[in-house]
Number of protein chains: 2
Amino acid sequence: MREATGGRLDVAAAAAAAATAAQPMREATDQTRGTWLESIAESIQAAGPELIDLAIEETHLARGRLEGELARTTAQLRMFAAVVREGSYLEAIIDHLNPDATPPVPDLRRVLIPIGPVAVYAASNFPFAFSVAGGDTASALAVGCPVIVKAHPGHPLTSRRTADAVRHGLSAVGAPDGVFGMVEGFDAGVALVQHPAIRAAAFTGSIPGGRALADLAAARPDPIPFHGELGSVNPVVVTAAADSARGDELAAGLAQSFTLGSGQFCTKPGIVFVPKNSNLERALPESVPSQTAPMLTPSIEKGYAAGLGRIASHDDTEAVVPHRGADSPSVYAVDASTFLEDRELFTTEVFGPTTLLVRFDDEKTLHAALQALEGSLTSTLHAEPDEDIAHLLDELIQRSGRVLFQGWPTGVAVSWAQHHGGPWPSTTSAFTSVGATATRRFQRPVAFQDAPAGLLPSALRDENPLGIPQRVDGVLRPARATTVRG
Amino acid sequence: MREATGGRLDVAAAAAAAATAAQPMREATDQTRGTWLESIAESIQAAGPELIDLAIEETHLARGRLEGELARTTAQLRMFAAVVREGSYLEAIIDHLNPDATPPVPDLRRVLIPIGPVAVYAASNFPFAFSVAGGDTASALAVGCPVIVKAHPGHPLTSRRTADAVRHGLSAVGAPDGVFGMVEGFDAGVALVQHPAIRAAAFTGSIPGGRALADLAAARPDPIPFHGELGSVNPVVVTAAADSARGDELAAGLAQSFTLGSGQFCTKPGIVFVPKNSNLERALPESVPSQTAPMLTPSIEKGYAAGLGRIASHDDTEAVVPHRGADSPSVYAVDASTFLEDRELFTTEVFGPTTLLVRFDDEKTLHAALQALEGSLTSTLHAEPDEDIAHLLDELIQRSGRVLFQGWPTGVAVSWAQHHGGPWPSTTSAFTSVGATATRRFQRPVAFQDAPAGLLPSALRDENPLGIPQRVDGVLRPARATTVRG
C-alpha cells in the first residue's frame, strides 16, 4: 500500500495533475466530496497506531497529545463534510427579474465556486491537525479544490504516511487522480507558490517564512490569495480585582497554558499584563514545571534560546522563573514603562515555553502598553463581574481575532463560530484557518445572468433540489430540513 | 456651504481624523449608519443639478447618462443602508457550550467587525457611481469603516462638490468628524495606501495603476487587503447556430454595447468569438455609429489610439470598421490561429469604442482561443436553446465572474446577487465591488469565547434583540421579520 515515491512528486507533475483534477472535482457534488472526506478520515483512523508511533519519534510530542490531535483531525474532516452538505457555504443568492429597480435588475444568481488548485504549507507543531491532512487540506478539498501539500521537514515520515492514507481514502471511493498531491523540500515550496496552476495558498508557520511566501504570491504575474497564519503573542490582561480575587488560580492556569506542548502553540499566551506586586507573579514560580518535553526541532530550540537571550540580557527585565537550559520553561517580567521603551524587543513572539509579565501601575499605563501590541490570534481578559471593562475589551478586539473571558487561549475548538485569525502579523488575510468558515478562503463568486434554468448549478435553481439555504429576492431562507424541524 | 480646502486635506491629517472616527463609527448601530447613508443620498440628490453640470463639463458624458448614473448612486447608498439593517452581513454565528465535541467546544460566538479606515481610489469613467460617493465608499461606510477617497484627476470639481455633499449629509445627522475625507493628487494616492492607519483599499482603474498600488499594499510592513478592479476584455461567444438564427440582431446589440459611453466601460465587450463568415461580421458595419461622444481624458484618448495602432498594424488583422480618428468607433477581426499566435497583443484590453472579432472554424479552435484568455469581469454566451453548451459554459465560468446568456455585459445591476469581479487581472481579490456582498471587503471576523452576555454585541446575544439572521448551533435562522412574514 505504501507508495515509496508518492510523497516526492515534483511540483510540475503535482501541479499538472491538480490542474487536470480541477474539472472533475468541481463537478463532483457536495454529497460526493463529503464521502471523500469521510473516507480519508477512516483511512487515517485505520493508520492511526502507525502514524502516532512515527509522530512520537519525529516530534517528541507525547502519545496522549498525539492521540487527541489525530482524533481532532479526523473529526475535522467529518465536520467539513457536514458543512458542505448543509450548503450555506455556497452563499446562494437569487434575484429575480425586477424592471422597477434603479437600474433595472435582470435575473441574477450568485454562487461560490472552487478557486482552483490550492497549495498548503504544513506546520511543524501539529503533525496531524495543521499538517498534511489538517484543516487547510480538509477545507480546500471540501469546497472542490485539488490540494498540493508542501510537507514540513520536521516530520517527513509522518507526512508521507499521512499522504498515503489520504490517497488511499480518496481512491477507495473513486475520487479522480490529482485531487491530492504532496511535495517536499524548500525549493519545492518556493516553486509551488509561484506555479501558474496554483490559485491560492494556505500556510501555518513563522513570520519570516510566511512573509517570504506571501511576498512571492503577491509578486506573481497573476497575484494569488495567500492565507498565512504567522506569529502571535496572544496578550492576556489580568485586572487588579481579578488578581486579588484569584491570583493563585490564574497563576496555575497560566503556567499550564504557556508550557502546553512545550510552548509551541500559535495560541500560547506570550505576554501577560498584570498589576504591580501581583499575586499571580508571586504564585507563578510554584506552578511552572521544571521541565517540558523536548522541543520539536533543533531550529525551534535554537530560536527559543535566542529569543530568551534577547529578553534576559535587557537591563530592566527580571527573571521570575529563570531559564535553566534547553527544555526548561521560563518567565520574565518588565514594567510597562520598560516594555514601551523597547516595544519591538518585547512584542516579538518567542516560540517556546516562556511568557512575559508586563507590570502596570494603573489603567492608563495598561492602555498605553496594549496599544503597543501588533495583531494576535487571541486575547484573554480576566476581570471581575462588577468591573467596567468595555474600553479594555474594545482595545483587545482591535488587536485580535478571538477574545476569551475565562480560561486560556491554547486549545482551539473546531466549530461553526470558531475564528482562528487576526490582524497582521497573526494572519495575512481576514479569514480563519480553523472552523467551518475556513472554506471561504478557497472559493470565488460567479453570477449567472438570464441563464436558462437547465444550465444553472442546482444551488441556484428556483426549485432548490438540495434544500440548501438561499437568499431569494433579498430574503434569506434557511435549509429546507431546518424549516421542517423548526 | 462649500469648504474650499476640504477636498485637499493632506493624507496625514485625513488619516488621523479617520483613525479618531473609527471608534465612534464602529459603536454606531446599523440603524444609525443606515441613516447616515440615506442622508448622504438626500444631500447628493439635492446637489444633483449642480453636480451634473460639473460632470458634463469635466467628463463629456451626456446629461441623460449622468442623470441615470446619479440615480444609481443614490439608490446604491440606500441599498447598503437596507443591507446593514437586514443584518446578514454580520454573519452572526453562535455555538453554545458542547463538552461532547472533539475537541470540546466552549461558548463561542463569531461576528464580522469593521476592518478600520479604508482608502478608496475613484475611477474616471463613472464620475458618480464609481467615484467619491460610489459603491466602495457606500459599502465601507455602511459596515462602519471611515473612508478616505483619493479623487480622480479627471473630474476634480465634480469630486469636490460630491465630497461637500457627503460631508453635509453626514453632519446633518450628527455623524462624527473624520468619517469621510478626500485627498487629491498622485503623491497623495501613493502615501494613502502606505499610511499605517489605513486598513484596506479599494480601487477601480487601469492594470498598471492598480498593480502599482497593489504592490505597495503588499509591501507594507503590515500588508493590507487591496481590492482592485483593473482591466477586462469581457469575451463574447456567438455559436454558429446563434449567428445563423440572429446574426443581424446580435450585430446591432454588440454595436450598441461596445460604443456605450464611448467604450469606456469596464464591462465593454472587447473580444467577440464568431464563426468564420458570420452574419454578425457582415451586418456589424451598418450598426456601428460613425462617431461617439468625446473621450473622458486626453490620456484615455491617447491610450485608445495606441492600442488600436498595435492591432491595426498587425499583418493579419482586418479592419471591419476602420478607425477614422479621435472619437470614432472601430472593429477589427482576426482568425483564431492568428489570435493564438499573438496572444498577448490581442488579449490586451483597449479602453475605448472598439471590439475585436476572433473568427473560429470549429469548436476545437474556439476552445483553444478561449483558453488563451486571462480573467474578465464578465463573459457572454449567445447560443440556441437546443445546443449542448455545458463545456463552453465551464470554460467561460473559469475565466470570469459573471456569465450572461442574453443581452450584453455593459450595465451592472446593483442587487443582492450581483458579482462584479473575476480572476486576475479583472480584480485582485475574490470579492465584488458592486452589489450587497461588496460589504465583506471591509470586515474581519472576531470570536467571543465564554463572554458574559452583557459584553456581547447585540448581534451575538441569545435573545437576538435586532431579529437578524443568526446561525445557532449549526442551524441557520432567518431574520425574525422574515419568519413572521413567511
Chain A - charge dipole about Cα centre, Lys and Arg +1 at Cβ, Asp and Glu -1, debye rounded to 20
1400
Label distances, nm, B:LEU157 versus same residue in remaining copies, Cβ-directed 7 Å point:
7.9
Measuring label to label, 7 Å along Cα→Cβ, what does A:ALA219 give against each other copy in nm, shortest first?
1.1
In the protein assembly as shown, if the dipole is taken from +1 on Lys/Arg beta carbons and -1 on Asp/Glu beta carbons about the Cα centre, which of B:VAL190, A:GLY210, A:ALA41 is farthest to the positive end?
A:ALA41
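Would you mind finding the longest exposed-site-free stretch of chain B, with exposed trypsin sites (Lys or Arg not before Pro) meaning DSSP loop and at most 11 other Cβ atoms within 10 Å?
Working: sites that count: B:ARG2, B:ARG324.
No qualifying site falls inside B:3-323, the longest such stretch.
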Among chain A residues, which Cβ is nearest the axis of the A-onto-B rotation, and at how many Å?
A:ALA218, 2
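Tell me, what is the percent relative contact order of chain A, built from C-alpha pairs under 8 Å that lie six or more residues apart?
Details: 1040 pairs, mean separation 88.6, N = 486.
Computed value for chain A: 18 percent relative contact order.
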Within region A:236-404, percent of DSSP bridges classed antiparallel, to nearest 5
15
Please report, in whole Å³, the volume per residue of the convex hull around the C-alpha atoms of the protein assembly as shown.
158
Run through the DSSP bridge list for region A:307-363 and note the antiparallel percent, rounded to the nearest 5.
35
Straight-distance crosslink candidates among lysines, where the alpha carbon sits under 23 Å from A:LYS276 and sequence neighbours closer than 8 are dropped
A:LYS268, A:LYS364
When each copy gets a label point 7 Å from Cα toward the beta-carbon at A:PRO208, what are the spacings between them in nm, shortest first?
3.7
Share antiparallel - DSSP beta bridges, chain B, percent rounded to 5
30
So how far, in whole Å, is the C-alpha centre of region B:370-444 from the one of region A:281-317?
53
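Every number in this text was worked out from the coordinates using simple rules, so none of it is lab data. Bear in mind the structure is a predicted one, so any value in this text is a computation, not a measurement. Here the Cβ is made from the backbone with ideal geometry for all residues, glycine too, and neighbour counts use every protein chain on show.
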